[in-house]
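Step one of this worksheet: look at the structure below.
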Amino acid sequence: MHSGGRRSVGTSPSTGKPYKLTNYLWHGEEKVIPYHEQMETLTSKGFALWDLFQSCERKGSLDNDIKHGQPNDIREFCLEHETIGRIILAN
């Protein structure tokens with residue numbers, strides 16, 4: 001069961017293998033660190049996190065249920081933050 005991309009486990013349900021990004025967020029053998037600690041870990045290493053939508057309507061946590069999505073303007077964001085060197089997209 002997913003919750004908006006913030007999975008409670010760090011393994012793929014289809015392969016059973018750890019997600020590459022979560023390899024760096026493990027705390028112990030079988031537990032992913034809490035979301036706020038994940039954010040602290042990523043931002044302390046120079047990562048910025050960006051939501052695709054500025055706003056939307058969604059019942060539940062599945063991306064398929066997103067309605068009336070208003071996308072964020074990533075082009076404008078990059079123009080305002082010239083030090084951005086790389087953008088990585090995740091599902």
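The values are calculated or read from the model by the stated rules, or taken from the named source; none is laboratory data. This structure is a prediction, so every number in the text was calculated from the model and none was measured. When we count neighbours, we look across all protein chains shown, and the Cβ atoms used for this are built from the backbone with ideal geometry, even at glycine. With ligands, DNA and RNA removed, areas are computed over all heavy atoms of the protein, side chains included. Shrake-Rupley method; radii C 1.70, N 1.55, O 1.52, S 1.80 Å.
Results, tabulated for the structure shown:
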read-out: Complete set of residues in region 74-87 that are in a loop (DSSP other than H, G, I, E, B) and surrounded by 11 or more Cβ atoms within 10 Å (Cβ to Cβ); value: I84
read-out: Close pairs (6 angstrom Cβ cut-off, 6 or more residues apart or separate chains): closer than 17 Å to D51 by Cβ in region 77-88, open to solvent by 90 Å² or more (accessible area, probe 1.4 Å) and of a type in the set (F, W, Y) anywhere; value: none
read-out: Selection from region 54-70 of residues that are open to solvent by 70 Å² or more (accessible area, probe 1.4 Å) and on the phi < 0 side of the Ramachandran plot; value: Q54, E57, R58, K59, L62, D63, N64, K67, Q70
read-out: Of all residues making up region 40-53, the number that are of a type in the set (S, T, Y) and surrounded by 13 or more Cβ atoms within 10 Å (Cβ to Cβ); value: 1
